[in-house]
1. Scan the range 86-117 residue by residue and report those that are within 20 Å of Ser22 (Cβ to Cβ) and not hydrophobic (A, V, I, L, M, F, W, C).
2. If you go through the range 173-190 one residue at a time, do you hit one that is of a type in the set (Ser, Thr, Tyr), outside any loop (DSSP other than H, G, I, E, B), under 30 Å from Thr256 (Cα atoms) and in contact with a Leu (Cβ under 8 Å, 6 or more places away or on another chain)?
3. Assuming Ala117 fulfils every condition listed in (1) surrounded by fewer than 19 Cβ atoms within 10 Å (Cβ to Cβ); (2) within 21 Å of Asp66 (Cα to Cα); (3) small (Gly, Ala, Ser) apart from one, which condition is it?
4. In this structure, is Ser10 of a type in the set (Ser, Thr, Tyr), outside any helix (DSSP H, G or I) and in contact (Cβ under 8 Å) with a residue 12 or more places away in the chain?
5. Does Ala261 satisfy the criteria of being more than 29 Å from Leu90 (Cβ to Cβ), in contact with a Gly (Cβ under 8 Å, 6 or more places away or on another chain) and at pLDDT below 95?
6. Looking at the range 208-234 only, could you name the residues that are hydroxyl-bearing (Ser, Thr, Tyr) and surrounded by 22 or more Cβ atoms within 10 Å (Cβ to Cβ)?
7. Out of everything in the range 242-270 that is of a type in the set (Gly, Ala, Ser) and in a helix (DSSP H, G or I), what residue ends up being surrounded by the most Cβ atoms within 10 Å (Cβ to Cβ)?
8. If I filter the range 33-41 for residues that are at negative phi, in a helix (DSSP H, G or I) and either aromatic (Phe, Trp, Tyr) or surrounded by 14 or more Cβ atoms within 10 Å (Cβ to Cβ) (or both), do I get at least one hit?
Amino acid sequence: MKIVLCHLDSLTSLPALNLVYSEFGDEIGLVLCSRRFGSKHGGFWQQTTASVRRYGLRLTLWLGFDLIAPSIVGSIAGLIALCTGRPPALQTLPRLAASHRSQFVESTNVNDAATLAVVRNYAPDLIIVMNFDQILRPPLIAMPRLGAINVHPSLLPALRGPCPVIWAVGERRSVSGATIHVIEDQTIDAGPILTQVEVPIDPDQTVAEANSVLFAAGAGALRSTIKQFAADQAMGRKQNLATGQYLGFPTRTEMTAFRAAGLRLCRIGHILRLLAGALGLPGWKRQ
């Protein structure tokens, strides 16, 4: 099977990304990586200042660290690997793509003519979207033989949108999960559901920990789901969007309320374990 992977590298999704590559590495021939800065949303400082105004300093710093950390540790890990001769347990997206000889394309707009031409030339069977910040449009969605699917870290139709884990932890939900669904059009997180995996959320769990666990649960269900989907593209269960909700990023006021209720964005031990895995240092343990 010829697979296109759409992904935005982040530290907390590295375990899930590496799981996807362990399952499908030889089948992922094309990677579409979102170039976060320099897009229509503006450059680094423009996006940072806008985020601080809307969502507050803490959330902005956390999201920035989660997205920027892989590129930094990936460069350092390369030097460590040269010295030790061993690749890190958690590899970043560019290094995974290179090791599996996947074509790697960075794009601020995956729906533009240049990116569509690359995908058309590859002639994929399937597009897998996971932790991606761009909306696929119909011309791109229609290109794969089987279609496009998304790994979303919530039990859809609950918590549609870009940051469901923050809402699940902030609202003190005891259960969330991961959903693999078909992408039919540009409506966000709304396509037929193929698979759902329920995952309990510990009251003490941080957003970063829950994000790692939920994405890994979805990634772990991909192989069996794709096998069924390849045999029957009509297998999906239609969502009733009226029973769920779409939520964007929480405002500064909402984040203040979440923190007062006990929300924590990250725990240093979890972050250090992820960094150790990404750097190829002792101390990494898959959770």
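1. Arg86, Pro87, Pro88, Gln91, Thr92, Pro94, Arg95, Ser99, His100, Arg101, Ser102, Gln103
2. Yes; the residues of the range 173-190 include at least one that is of a type in the set (Ser, Thr, Tyr), outside any loop (DSSP other than H, G, I, E, B), under 30 Å from Thr256 (Cα atoms) and in contact with a Leu (Cβ under 8 Å, 6 or more places away or on another chain).
3. (2)
4. Working: of a type in the set (Ser, Thr, Tyr): yes; outside any helix (DSSP H, G or I): yes; in contact (Cβ under 8 Å) with a residue 12 or more places away in the chain: yes.
It is true that Ser10 is of a type in the set (Ser, Thr, Tyr), outside any helix (DSSP H, G or I) and in contact (Cβ under 8 Å) with a residue 12 or more places away in the chain.
5. On the way: more than 29 Å from Leu90 (Cβ to Cβ): yes; in contact with a Gly (Cβ under 8 Å, 6 or more places away or on another chain): yes; at pLDDT below 95: yes.
Considered against the rule, which asks whether it is more than 29 Å from Leu90 (Cβ to Cβ), in contact with a Gly (Cβ under 8 Å, 6 or more places away or on another chain) and at pLDDT below 95, Ala261 comes out as yes.
6. Scanning the range 208-234 gives a single hit, Ser212.
7. Among them, the one singled out is Ala257.
8. no
The values are calculated or read from the model by the stated rules, or taken from the named source; none is laboratory data. In this text, all values refer to a predicted model and were calculated from it rather than measured experimentally. Quick reminder, even Gly has a Cβ in these numbers, built from the backbone with ideal geometry, and neighbours come from all protein chains shown.
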